[in-house]
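Written below as structure tokens is the structure these notes are about.
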Amino acid sequence: MTAWNIRPIASALWRNRTGALLVAVQIAIGLAVLVNAIYVVKQRVELIGRPTGMDTANMIWVASAGFAKDYDYEATWREDIAVLRGMPGVKAASLFSNIPLSGGGSSTGYQARPGEVSPKETIPGNKYDVDEAAIAALGVKLVAGRPFEASEILPPSETFEDAPQAIVTKTFAKKLFPGDENFLGKTFYNGLSEPTVIVGVMEHMQGAWVGWDDLENVVLFPRQKNGPTSIYLVRTEPGQRDAIMRDIEAKLGGSNPDRLLRWVRPFDYFIDQSYLRDRNMAIFLVSVTTALLAITASASSASRLSTSRRASARSARVVPSARGAWTSSATSWSRTGWSPPRASSPVAALRSASATGSRSSMSCRASTSTSWSAACSRSG
């Protein structure tokens, strides 16, 4: 096992305390931003990935609006529903009042007993008026009870009153009747104390607003939607959605001159629009975090490279070559190999000879000019 020698590292950090502190602060800030960004992105991804309880991949929404003075709303939607249900590849088609997960809808408060109750006993529910084919068109699973029957579908209501029967989500029923497990046949009430009996319980379904805390509180009532705008939900066989969308536009687009086929859209369109802000936030945070990490890594690499170059420059100025020549313009010294340079004066030469303790004789001649020369001969 390699033993870590902490002392040199600690000494280096102590000599450059400011640099070490800046690096520590940089790392702390980078980690804080990274951790928070990952947490927010994880939240957004989990929010977008929540199960809807519906067969969203094979669902189409169609909007039709009458504009003529003598437009017959009921006759038109009944004719459209018959055409849609008779198309090859269509599993079910239903008339709906609103579109789930679209950001638009209606909600009201419900309670488990009539009369005045405390706010804690009032449970909000996202309500939809549907026909007898709604459960099949949504693709939701009933854990108890049954779908609506055609005889239970009520005509449109101008006062938006509730129907005497309802199909609710299991989440909504549990909040209304905490501690109970069997919700079939139970009665709940709206703010006017009008009773509604539960005839079916859906395992799971999401409502209109993705940011709503009670998104899974959904209540279906057997009632026709008010006109003159009609909304149809069409559920197709797997893999046939896009082809059937083109067939719907072709068949309904010109079938009635008194109305306008506003749009034919897959369910994914509305879901993407509802989660657009969350998706953009996740993309933005991932991009910023990636850029921050790239900048930090680049700055660290540049700092290490600059430090390495400065150290190399200092070494080049200090360390001589193993074999070479040194030259001075003032004294014109020369050196070859590693032998010491010759003495620069006769006195220095005599001192050097005395230090060696040799019995040699040296004769030196000095000229009267500014230049001088020394010649030393040694005999044993």
Report, by residue number, each residue of region 172-197 that is in contact with a strand residue (DSSP E or B) (Cβ under 8 Å, 6 or more places away or on another chain) and on the phi > 0 side of the Ramachandran plot. G185
Of all residues in region 29-59, which are touching a Phe, Trp or Tyr at 6+ places or on another chain (Cβ under 9 Å) and part of a helix (DSSP H, G or I)? R44, L47, I48, T56, A57, N58
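Restricting to region 259-295, count the residues that are part of a helix (DSSP H, G or I) and under 15 Å from T56 (Cα atoms). Can you show your working first?
Looking only at region 259-295, we keep the residues that are part of a helix (DSSP H, G or I), and these are 267-274, 276-295.
Those still in the list that are under 15 Å from T56 (Cα atoms) too: 267-274.
Summing the residues that are part of a helix (DSSP H, G or I) and under 15 Å from T56 (Cα atoms) in region 259-295 gives 8.
Can you find, within region 66-80, the residue that is nearest to the chain's Cα centre (by Cα) among those that are more than 18 Å from V130 (Cα to Cα) and surrounded by fewer than 15 Cβ atoms within 10 Å (Cβ to Cβ)?
Filtering region 66-80 down to residues more than 18 Å from V130 (Cα to Cα) leaves 66-72.
Subset that is surrounded by fewer than 15 Cβ atoms within 10 Å (Cβ to Cβ): 67-70.
On the way: F67: 43, A68: 47, K69: 49, D70: 51 Å.
Restricting to residues being more than 18 Å from V130 (Cα to Cα) and surrounded by fewer than 15 Cβ atoms within 10 Å (Cβ to Cβ), the top hit is F67.
Being more than 19 Å from V140 (Cβ to Cβ) and of a type in the set (S, T, N, Q) is the filter here; which residues of region 171-195 pass it? Lay out the reasoning, then the answer.
First, pick out the residues of region 171-195 that are more than 19 Å from V140 (Cβ to Cβ): 177-182, 185-195.
Those that are more than 19 Å from V140 (Cβ to Cβ) and of a type in the set (S, T, N, Q): N182, T187, N190, S193.
Consider R44 carefully, then state whether it is among the basic types (K, R), within 35 Å of the chain's Cα centre (by Cα), over 25 Å from R235 (Cβ atoms) and surrounded by 10 or more Cβ atoms within 10 Å (Cβ to Cβ). Spell out how you get there, then give the answer.
Numbers: among the basic types (K, R): yes; within 35 Å of the chain's Cα centre (by Cα): yes; over 25 Å from R235 (Cβ atoms): yes; surrounded by 10 or more Cβ atoms within 10 Å (Cβ to Cβ): yes.
Against the criterion (among the basic types (K, R), within 35 Å of the chain's Cα centre (by Cα), over 25 Å from R235 (Cβ atoms) and surrounded by 10 or more Cβ atoms within 10 Å (Cβ to Cβ)), R44 qualifies.
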Identify, please: which residue in region 163-174 is outside any strand (DSSP E or B) and in contact (Cβ under 8 Å) with a residue 12 or more places away in the chain and is, among those, surrounded by the most Cβ atoms within 10 Å (Cβ to Cβ)? F172
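Given the structure, is G191 within 28 Å of V83 (Cα to Cα), modelled with pLDDT under 95 and either of a type outside the set (S, T, N, Q) or not in a loop (DSSP other than H, G, I, E, B) (or both)?
no
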Any chance region 118-134 includes a residue that's surrounded by 16 or more Cβ atoms within 10 Å (Cβ to Cβ), out of contact with any helix residue (DSSP H, G or I) (no Cβ under 9 Å at 6 or more places or on another chain) and within 23 Å of T236 (Cα to Cα)? yes
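Kindly indicate whether any position in region 27-47 is among the acidic types (D, E) and more than 30 Å from E132 (Cβ to Cβ). Reasoning before the result, please.
Taking region 27-47 as the starting set, the residues that turn out to be among the acidic types (D, E) are 46.
Filter once more, keeping what is more than 30 Å from E132 (Cβ to Cβ): 46.
Yes.
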Tell me, which residue of region 241-258 that is out of contact with any helix residue (DSSP H, G or I) (no Cβ under 8 Å at 6 or more places or on another chain) and assigned to a loop (DSSP other than H, G, I, E, B) is nearest to A93 (Cα to Cα)? G253
Name the one entry in F96, F160, F177 that is within 17 Å of E203 (Cβ to Cβ) and either of a type outside the set (G, A, S) or touching a residue at least 60 places away in the same chain (Cβ under 8 Å) (or both). F177
Region 118-161: number of residues that are under 17 Å from F183 (Cβ atoms) and in a helix (DSSP H, G or I): 2
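Just to verify a result, which residue in region 101-138, among those that are among the hydrophobic types (A, V, I, L, M, F, W, C) and out of contact with any Lys or Arg (no Cβ under 9 Å at 6 or more places or on another chain), is farthest from I231 (Cα to Cα)?
First pass over region 101-138, keeping only residues among the hydrophobic types (A, V, I, L, M, F, W, C): 101, 112, 117, 123, 130, 133-138.
Retained after the next criterion (residues that are out of contact with any Lys or Arg (no Cβ under 9 Å at 6 or more places or on another chain)): 101, 117, 134.
Details: L101: 15, V117: 35, A134: 12 Å.
In this case the residue turns out to be V117.
Looking only at residues in region 235-280 that are among the basic types (K, R) and farther than 19 Å from D55 by Cβ, which one is modelled with the lowest pLDDT?
Within region 235-280, the subset among the basic types (K, R) is 235, 241, 246, 251, 259, 262, 265, 277, 279.
Filter once more, so that each one left must be farther than 19 Å from D55 by Cβ: 246, 251, 259, 262, 277, 279.
On the way: R246: 96, K251: 93, R259: 93, R262: 94, R277: 88, R279: 84.
Ranking the qualifying residues of region 235-280, first place goes to R279.
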If I ask for residues that are surrounded by fewer than 17 Cβ atoms within 10 Å (Cβ to Cβ) and assigned to a strand (DSSP E or B), which ones from region 86-106 would you list? S106
Given V62, V83, which one is surrounded by 14 or more Cβ atoms within 10 Å (Cβ to Cβ), modelled with pLDDT of 95 or more and either in a helix (DSSP H, G or I) or among the aromatic types (F, W, Y) (or both)? V83
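The values are calculated or read from the model by the stated rules, or taken from the named source; none is laboratory data. What you are looking at is a predicted structure, and each value in this text was computed from that prediction instead of being measured. Quick reminder, even Gly has a Cβ in these numbers, built from the backbone with ideal geometry, and neighbours come from all protein chains shown.
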